[in-house]
Amino acid sequence: MSEVPPGRFSSGRHAGILVPLFSIPSRRSWGIGEIPDLIPLARWMQSAGLDFVQLLPINEMQEGQSSPYSALSAMAIDPIFISLDELEEWTVVETNTALSKEAQAALSRAWHAPHVNYAAVRAAKTHALRQAFTWFLDNHKDSSDARVRAFESFQERERWWLEDYAIFRALHDAHGGRHWREWEAGVRDREPGAMEAARERYATPIRYYAYLQWIADEQWQRARIAAAPVGIFGDFPFMVSAHSADVWARQHEFDLEGSVGTPPDAFSASGQDWGLPAYRWDLIRGRDYEWLRERTRRSSTLFDGFRVDHLIGFYRTYVRRTDGSKGFTPADEPEQRAQGEYLLSLFAEGGATIIGEDLGTVPDFMRESLVQRNIPGMKVLRWERDWHAPGQPFLDVRGYRATSVATSGTHDTETTAEWWDMISVQERQDVLALPTLQGAGLDPHAPFDDRVRDALLQTLFASGSNLMIVPIQDVFGWRDRINTPGSVNDENWTWRLPLPVDDLPVAHESTERAAFLHRLAVQCGRK
């Protein structure tokens with residue numbers, strides 16, 4: 001196993017895939033992708049000439065939620081991704097007090113289900129993790145014990161975020177999961193005496209939540225090293241939930257009476273209201289963006305690169321307030337630009353490769369900032385057209401700016417197969433007019449098939465963008481979506497690979513795909 005060289009994705013040509021961690025369970029995992037499952041994925045990616053994987057957020061979700069963007073913490077890894085099979089305490093506990101027959105049956109159903117069953121998986125893992133923690137407390141008491149020393153060292157090293165997170169989680173449980181604004185005044189307002197009393201009263205659950213993060217961190221760092229030379233990219237969400245450790249700990253830095261969203265535009269006559277608290281940029285700026293700096297530090301210790309979600313929001317945030325007022329903050333363009341460009345520099349401080357999510361309606365000055373600071377923005381093939389020219393032709397992919405990310409779609413879009421079958425014959429003709437597709441011999445009247453899939457993949461690999469990311473569904477031509485924005489259903493955020501991830505290196509379809517992608521990577525200078 002070798003260390004991943006820092007910053008190596010900031011130059012040269014690279015190819016990667018987009019897949020959420022929850023989507024890649026192995027035969028050993030408990031019905032959801034787990035941290036060690038990144039290793040067999042990376043082995044398959046190596047054979048395919050792919051050198052990085054783009055994940056969605058891995059932050060801890062609130063119980064009952066499935067969206068990785070509804071987080072209890074901007075720092076903590078969700079314990080649902082911990083592998084029990086690789087947890088020392090559980091391997092001992094399991095031989096004595098295994099899961100009950102009912103729990104095993106529920107877990108078996110979750111493993112065989114077509115989608116991730118978060119409730120069943122979380123219940124089983126919570127039960128197992130609590131047993132493992134109890135065994136740890138009972139059998140690792142000596143301060144000279146190697147595991148005790150490792151745990152204490154982790155707590156000391158990560159105290160800057162872990163302390164607030166662990167006590168928040170303990171208080172969250174003690175209050176039945178209610179919003180922190182409904183807690184008693186002392187801990188709600190973080191009064192020193194009340195906080196000290198809470199630390200004493202909830203010392204064991206606080207230690208439990210710190211233990212979970214220690215285990216998650218150990219497994220993450222082992223997987224990251226074992227996955228090398230394949231790099232792991234994360235996602236840096238614009239906001240976290242109002243009921244989160246971060247907002248509770250820094251409540252005066254957030255406008256709790258304001259809700260973040262987007263203004264009316266061509267896609268939505270009323271705009272969007274996300275129900276998330278707004279930044280109080282004036283206070284945050286006065287503290288030199290301390291919390292965002294800490295988030296950057298945390299992301300840079302976990303990932304080789306990360307995508308900055310809703311980048312325009314860091315330049316200017318659209319806020320709806322309870323008094324009916326709404327608008328951007330900061331309000332004027334010079335201040336917006338200055339703030340956004342400062343934050344771009346801050347995000348890059350940790351040495352990770354930064355990708356700016358610049359999709360949707362954004363001002364020209366933001367994209368100018370990306371160019372000037374050499375930060376790659378997104379080039380989604382289906383939207384890259386000369387919108388002001390007659391016929392609005394698709395832009396030649398070979399002309400994409402080198403410092404950009406070419407992709408066929410995002411976690412919020414239809415898959416390529418769905419998109420192709422949905423668009424008109426005329427639009428297919430427009431796509432096939434691209435120079436890289438003119439000799440492909442494709443019929444614009446024909447539905448999506450393997451030939452269309454591979455021709456579009458070849459076009460993306462040939463793009464001028466140094467970074468190229470393909471959702472794994474588009475590699476295979478699958479039609480399953482990760483998320484349908486604006487909808488609430490049991491399928492959003494629950495998609496899983498149709499085969500265990502550890503079968504990718506040996507299954508016929510996936511080995512054929514790997515050989516094809518490897519040829520493209522070599523031909524297009526990405527390998």
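Just name one of TRP214, ALA440, ALA174: the one whose Cα is farthest towards the positive end of the charge dipole of the chain (beta-carbon charges, Lys/Arg +1, Asp/Glu -1). Comparing the listed Cα positions along the dipole, ALA440 ranks first. Restricting to Cα pairs below 8 Å that are 6+ residues apart, what does the relative contact order work out to for the chain? Please round to a whole percent. RCO, the chain: 21 percent.
With r defined as the distance between the Cβ atoms of GLU88 and ALA389 and R0 fixed at 45 Å, what FRET efficiency is calculated, to the nearest 0.05?
On the way: r = 62 Å, r/R0 = 1.38.
Once the sixth-power term is evaluated, E becomes 0.10.
For region 250-356, the residue among GLN336, LEU302, PRO264 whose Cα projects farthest onto the positive side of the dipole built from Cβ charges is LEU302.
For a straight C-alpha distance cut-off of 15 angstrom, the aspartates and glutamates reachable from LYS125 (same-chain residues fewer than eight places away being disregarded) are GLU34, GLU60, GLU63, ASP78, ASP85, GLU86, GLU88, GLU89, GLU94, GLU102.
Think of region 96-254 as a dipole: +1 on every Lys or Arg Cβ, -1 on every Asp or Glu Cβ, centred on the Cα centre; then among PHE136, ALA197, SER153, PHE136 lies furthest on the positive end.
Can you order the peptides 410-417, 212-219, 516-523 by their average number of other Cβ atoms within 10 Å per residue, highest first?
Working: 410-417: 19.2, 212-219: 21.8, 516-523: 17.5.
Top of the packing list down: 212-219, 410-417, 516-523.
When each of the peptides 248-254, 462-468, 393-399, 284-290 is scored by the mean number of other C-beta atoms lying within 10 Å of its residues, the order from highest to lowest reads 462-468, 248-254, 393-399, 284-290.
Summing Lys, Arg as +1 and Asp, Glu as -1, what charge do residues with Cβ under 9 Å from the Cβ of MET378 carry, MET378 excluded? All intermediate terms of the calculation are to be shown ahead of the outcome.
Numbers: positive: ARG307, LYS379; negative: GLU357, ASP358.
Counting the neighbours of MET378, the net charge comes to 0.
Using just its DSSP H runs of length 4 or more, each adding -39500 (n - 2.57), the chain gives a mean residue ellipticity at 222 nm of -12500 deg cm²/dmol after division by all residues.
Backbone geometry of region 517-527 corresponds, through the Karplus equation with coefficients 6.51, -1.76 and 1.60 at θ = phi - 60°, to 3J(HN,Hα) couplings of 5, 4, 4, 5, 4, 5, 4, 9, x, 9, 9 Hz, x marking Gly and Pro. To the nearest ten degrees, helix 101-112 and the longest principal axis of the Cα atoms of the chain are 10 degrees apart. For region 442-449, backbone phi angles converted through the Karplus equation (6.51, -1.76, 1.60; θ = phi - 60°) give residue-by-residue couplings of 8, 9, x, 7, 8, x, 4, 8 Hz, Gly and Pro being listed as x. Gain on full extension, evaluated as 0.36 nm per residue between LEU137 and LEU256 minus their Cα-Cα distance, stands at 39.0 nm.
Need one word for the chain: rounded, prolate or oblate. Basis is the Cα gyration tensor (sqrt eigenvalues a ≥ b ≥ c); a/c below 1.5 gives rounded, then a/b vs b/c decides. Spell out each step's value before the answer.
Details: a/c = 1.85, a/b = 1.28, b/c = 1.44.
In terms of gyration-tensor shape, oblate.
Each part gets one Cα centre, and for region 22-62 versus region 453-522 those centres are 13 Å apart.
When each of the peptides 79-92, 500-513 is scored by the mean number of other C-beta atoms lying within 10 Å of its residues, the order from highest to lowest reads 79-92, 500-513. Centre-to-centre separation between the Cα atoms of region 78-137 and those of region 299-318: 33 Å.
Computed from point charges on the beta carbon alone (+1 for Lys and Arg, -1 for Asp and Glu), the dipole magnitude for region 281-350 about its Cα centre is near 240 Debye. Between ASP412 and ALA338, the modelled labels are 3.0 nm apart [label points 7 Å from Cα along Cα→Cβ].
In degrees from 0 to 90, rounded to the nearest 10, what is the angle of the helix 146-157 Cα long axis to the longest principal axis of the chain? Roughly 70 degrees between the two axes.
Rounded to the nearest 20 debye, what is the charge dipole size of the chain about its Cα centre when +1 sits on each Lys and Arg Cβ and -1 on each Asp and Glu Cβ? The partial results should precede the final answer.
On the way: 56 positive and 74 negative charges, 132 e Å.
Rounded to the nearest 20 debye, it is 640 debye.
Provide the gained length on full extension for the span GLU102 to ARG190, in nm with one decimal, where the gain is 0.36 nm per separating residue minus the Cα-Cα distance.
Once the chain is fully extended between GLU102 and ARG190, it gains 27.6 nm.
Taken one residue at a time, the phi angles of region 114-119 give Karplus couplings (6.51, -1.76, 1.60, θ = phi - 60°) of x, 10, 5, 9, 4, 4 Hz. Gly and Pro are set to x. For GLY258, nonlocal amide neighbours, meaning residues 5 or more places apart or on other chains whose placed amide H falls under 5 Å from its own, are ALA278.
Any read-out appearing in this document is the output of simple, stated calculations on the displayed coordinates, not a laboratory observation. For clarity, every value in this text was computed on a predicted model and none was experimentally measured. All Cβ positions, even for glycine, are placed from backbone atoms using ideal geometry, and neighbour counts span all protein chains on display.
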